[in-house]
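Note sheet for the following structure.
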Amino acid sequence: MSTTMWDATSLTTRFDEVRSHTERLAAPLSPEDQTVQSMPDVSPTKWHRAHVTWFFETFVLAEHEQHFAPYQDKYWFLFNSYYESLGPRYSRPDRGLITRPGAHDVGEYRDNVDDRMRDLVATLDDGTLQKLASTIELGFHHEQQHQELLLMDIKHVLSRNPLEPAYGGARRAHCEPDAMTFVDVEGGLVEIGHEGGAFSFDNELPRHRQWLEPYRIADRLVTNGEWLEFMADGGYRRPEFWLSDGWAKVTADGWRAPFYWTDHDGVWLEHTLHGTWPVNPGLPVAHVSFYETEAYATWAGKRLPSEAEWEHAVVADGQADAAHSGGNLADLEHYHPAPAPAAGGEHRLRQVYGDCWEWTSSAYHAYPGFHPPEGAIGEYNGKFMSNQMVLRGGCALTPPGHARATYRNFFPHASRWALSGVRLADGGAPQGLS
């Protein structure tokens, strides 16, 4: 939530920016592309476009528009995601079976709700506007989450097509990884969580103190080249590296490599949003599950950082402000992890924001003192605080303004379709960040 003060003009301008960006992301896709659901974790592009529209219709217009009537009664059933308190919803694994409304019809739904939202904001008195602005701002960030998911999902959809169609971005030149070093962090009694003021999700609150022992954290992400060494050393065949549940997944599903890698006559290829290419050793390894990153860390004689260690190291390194730290986020339109920038003479963290969401060793639980908001909005994050692990940092599909040091992403342990990677950590004799 946020304490940002909005006026009607700035709120409408931001609304139009967010909404139009979703349409730009969908524009390269055909109506057929937008209808496919290639596995239960993936949602069709047109569903994402409709669901974020349903959010504004449900949480803003239904409560505040005079003489409100839904655009289409059945849309509330089709495009509700998981809000139990708002009634029944269509089965998630079956979203790809819905051919109607089509992609064009969803566009008309979006246009209708957009017009009604603009009209509503223009008519609100200042007091009502300020009360409602936090929900509308939540809608912005909710839509940005789905912009990222739209790209993750269409990547999987296109990966199933033997024509190997490309969405966007460009292939990077072959590169080799530079040396990985470790940054020493003092630890101690530190503060974790969002400070308030600017927007945050409820799961980033409340800010609280936590004790950290001294530790070290890698200055960059693990690369494809390093992951190939793990594979060559029998990483996917040696149970001693794996948690029991992870080894069960390896054996049951036949994992041999990261999610989008395929062995073609002895050459490993990687599917990306810009095509399928030989694995580039200097790029960060991507689309690996928590189980895989945990196994890799064990093989390497290291571990994963906790989410508190990750956040504290980033803040101590002077990179608390994502807007000024740079990073390979979606605005660069690479849509794939990039090689780590040159280390230079400074012993600093690289690739903090963007490239890959970074798995941590922390289970996704509530912070001390957390209380979800009342009503349906309270279902946004709190209900998922079980059987998930926390990821930090953002990825190459994350919209700018949607990455910050305190952001807590979360996925189940075996998830591989998300753009996720790994940064290593271990103990150490800290000398302080330089």
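The values are calculated or read from the model by the stated rules, or taken from the named source; none is laboratory data. Quantities reported herein were computed from a predicted structural model and do not represent experimental measurements. Every residue, glycine among them, receives a Cβ derived from its backbone with ideal geometry; neighbour counts consider all protein chains shown. To get the accessible areas, we keep the full protein, side chains included, count just its heavy atoms, and leave off ligands, DNA and RNA. Shrake-Rupley method; radii C 1.70, N 1.55, O 1.52, S 1.80 Å.
Worth pointing out:
- Test: His347 is touching a Ser or Thr at 6+ places or on another chain (Cβ under 8 Å) and open to solvent by 20 Å² or more (accessible area, probe 1.4 Å): yes
- Of the residues examined, Phe77 is not one that is closer than 26 Å to Thr123 by Cβ, among the hydrophobic types (A, V, I, L, M, F, W, C) and either open to solvent by less than 40 Å² (accessible area, probe 1.4 Å) or assigned to a helix (DSSP H, G or I) (or both).
- In summary, Val315 fulfils each of the numbered conditions (1) over 19 Å from the mean Cα position of the chain (by Cα); (2) part of a loop (DSSP other than H, G, I, E, B) with the single exception of condition (2).
- Restricting attention to region 80-112, the residues that are of a type in the set (Lys, Arg), open to solvent by 60 Å² or more (accessible area, probe 1.4 Å) and in contact with a helix residue (DSSP H, G or I) (Cβ under 8 Å, 6 or more places away or on another chain) total 1.
- Long-range neighbours under 6 Å by Cβ, at least six apart or interchain, first residue among the charged types (D, E, K, R) and at pLDDT 95 or above within region 225-253, second part of a loop (DSSP other than H, G, I, E, B) and surrounded by 13 or more Cβ atoms within 10 Å (Cβ to Cβ): Lys249/Ala414
- Checked against (1) free of Cβ contacts under 8 Å to residues at least 60 places away in the same chain; (2) open to solvent by less than 40 Å² (accessible area, probe 1.4 Å), Ser10 passes all but a single condition, namely (2).
- When Glu17, Glu57, Glu32 are checked against the criterion of being exposed (fewer than 14 other Cβ atoms within 10 Å of the Cβ) and in contact with a Phe, Trp or Tyr (Cβ under 9 Å, 6 or more places away or on another chain), a single residue qualifies: Glu17.
For every residue, the table says whether it meets (1) within 30 Å of Arg238 (Cβ to Cβ); (2) aliphatic (A, V, I, L, M).
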{"position": "Pro305", "(1), (2)": "yes, no"}
{"position": "Ala308", "(1), (2)": "no, yes"}
{"position": "His324", "(1), (2)": "no, no"}
{"position": "Tyr335", "(1), (2)": "no, no"}
{"position": "Pro341", "(1), (2)": "no, no"}
{"position": "Glu346", "(1), (2)": "no, no"}
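- Thr3 being surrounded by fewer than 20 Cβ atoms within 10 Å (Cβ to Cβ) and modelled with pLDDT of 95 or more: no
- Selection within region 1-58 - more than 24 Å from Tyr167 (Cα to Cα) and touching a Leu at 6+ places or on another chain (Cβ under 6 Å): none
- Selected residue (only one of Trp268, Trp261, Trp299 is within 24 Å of the chain's Cα centre (by Cα) and among the aromatic types (Phe, Trp, Tyr)): Trp261
- None of Gly301, Gly326, Gly344 is assigned to a loop (DSSP other than H, G, I, E, B) and within 20 Å of Gly428 (Cβ to Cβ) except Gly301.
- Matching option when the condition is assigned to a loop (DSSP other than H, G, I, E, B), under 27 Å from Glu186 (Cβ atoms), in contact (Cβ under 8 Å) with a residue 12 or more places away in the chain and among the small types (Gly, Ala, Ser), among Ala257, Ala320: Ala320
- Restricting the search to strands (runs of 3 or more DSSP E) fully inside region 129-237 and requiring at least 1 residues that are more than 24 Å from the chain's Cα centre (by Cα) and hydroxyl-bearing (Ser, Thr, Tyr) gives 215-218.
- Enumeration of residues in region 374-389 that are at pLDDT 75 or above, surrounded by fewer than 15 Cβ atoms within 10 Å (Cβ to Cβ) and in a loop (DSSP other than H, G, I, E, B): Ser386, Asn387
- Answer residue from region 188-246, given it is farther than 22 Å from Met389 by Cβ and in contact with a Lys or Arg (Cβ under 7 Å, 6 or more places away or on another chain) and is most open to solvent (accessible area, probe 1.4 Å) among those: Glu195
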